[in-house]
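Just below is one structure, and these are the notes that go with it.
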Amino acid sequence: MGISNEKELVTLIEQEKQKGIYLTCLGVGSGNYKDSKLSVLAQKGNGNFSYIDNEQEAERVLVTDLTKTLFTVADNVYLSMNFNPGKVKAYRLLGYENANTTMKDSVIQLKGGEIGSGHSLMAIFELISADDMANNNDWTAKLQVHYRQPLLSKQYSTSYLPRYRYCNKNADSSLRKAACVVMLGIKLKDAEDSKDISWRSIQKLAGSCFDKDKFLEKEFIQLVGKAKKMYTHRRKYASDY
């Protein structure tokens with residue numbers, strides 16, 4: 001129904017975006033469902049994309065997190081990271097198809113898009129230090145957060161100078177959860193780095209920071225267990241031939 005041409009859809013979505021009308025796309029069901037296209041359209045419309053596959057996910061998207069998609073508090077949000085060459089030899093932005101980046105390209109920009117009320121974004125980098133970072137309090141990177149207020153053209157920026165501060169078990173639970181998700185992603189991708197990550201370590205970390213009394217967090221713990229069974233079975237099956 002209506003416009004089906006993708007180019008015309010994008011034009012319409014971008015026109016309405018200039019008026020402050022944003023587009024959020026929700027995927028439901030299967031068949032001819034194309035999540036990649038919906039995700040791109042939502043991005044063009046300054047909105048969000050979610051896939052609803054059960055009642056709990058529907059409650060999270062349409063009830064618990066509804067204000068995050070309906071009320072935008074910042075437009076055109078992006079981060080600029082300028083790594084200190086004296087502290088960081090190389091870095092890798094996890095979750096993206098990029099190799100270890102040398103310091104010839106020490107500045108990286110991450111587009112976060114539009115941020116809703118109560119919404120948060122997290123970027124995780126893997127670093128190779130240029131020296132003993134623990135013995136120097138110098139800044140590791142210069143972080144700049146750029147944003148605009150909704151429907152206004154003026155751009156604002158806030159700067160930070162993060163310093164080296166190592167922590168593992170005492171890290172905030174949100175950071176440990178994020179690390180656990182990253183570890184699972186690396187393992188599932190079967191990347192070279194996955195050999196250094198055991199399923200036991202992922203399960204142990206998940207059990208220590210995810211709350212089993214919360215459905216979505218319990219679901220992640222179960223997902224790790226299912227992935228472990230499928231992965232180990234696949235490896236065992238392949239070794240038989």
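The values are calculated or read from the model by the stated rules, or taken from the named source; none is laboratory data. Keep in mind that this is a model prediction, so the values were computed, not measured. Here the Cβ positions follow ideal geometry from the backbone for every residue, glycine too, while neighbour counts run over all protein chains shown.
Quick notes on this one:
- For segment 128-144, the set of residues classified as at pLDDT below 85, outside any loop (DSSP other than H, G, I, E, B) and out of contact with any Lys or Arg (no Cβ under 8 Å at 6 or more places or on another chain) consists of ALA134, ASN135, listed by residue number.
- Test: residue in segment 159-168 that is more than 28 Å from THR69 (Cα to Cα) and assigned to a strand (DSSP E or B): yes
- Within segment 224-238, residues that are among the hydrophobic types (A, V, I, L, M, F, W, C) have Cβ atoms under 7 Å from residues that are at pLDDT 70 or above in these pairs: VAL224/LEU184; VAL224/ILE202; VAL224/GLN203; VAL224/ALA206; ALA227/LEU184; ALA227/LEU188, counting only partners at least 6 apart in sequence or on another chain.
Per-residue answers, yes or no, for (1) at pLDDT 85 or above; (2) of a type in the set (Val, Ile, Thr):
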residue	(1), (2)
ILE3	no, yes
GLU6	no, no
LEU9	yes, no
GLU14	yes, no
LEU23	yes, no
GLY27	yes, no
ASN32	no, no
SER39	no, no
ASN46	no, no
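- Scan of segment 5-62 for residues that are of a type in the set (Phe, Trp, Tyr) and within 18 Å of ARG148 (Cβ to Cβ), ordered by number: TYR22
- Single residue of GLY185, GLY207, GLY225 found to be in a helix (DSSP H, G or I), of a type outside the set (D, E, K, R) and more than 23 Å from MET122 (Cα to Cα): GLY225
- Subset of segment 140-195 [in contact (Cβ under 8 Å) with a residue 60 or more places away in the chain and closer than 17 Å to MET81 by Cα]: ALA141, LYS142, LEU143, GLN144, VAL145, HIS146, TYR147, TYR164
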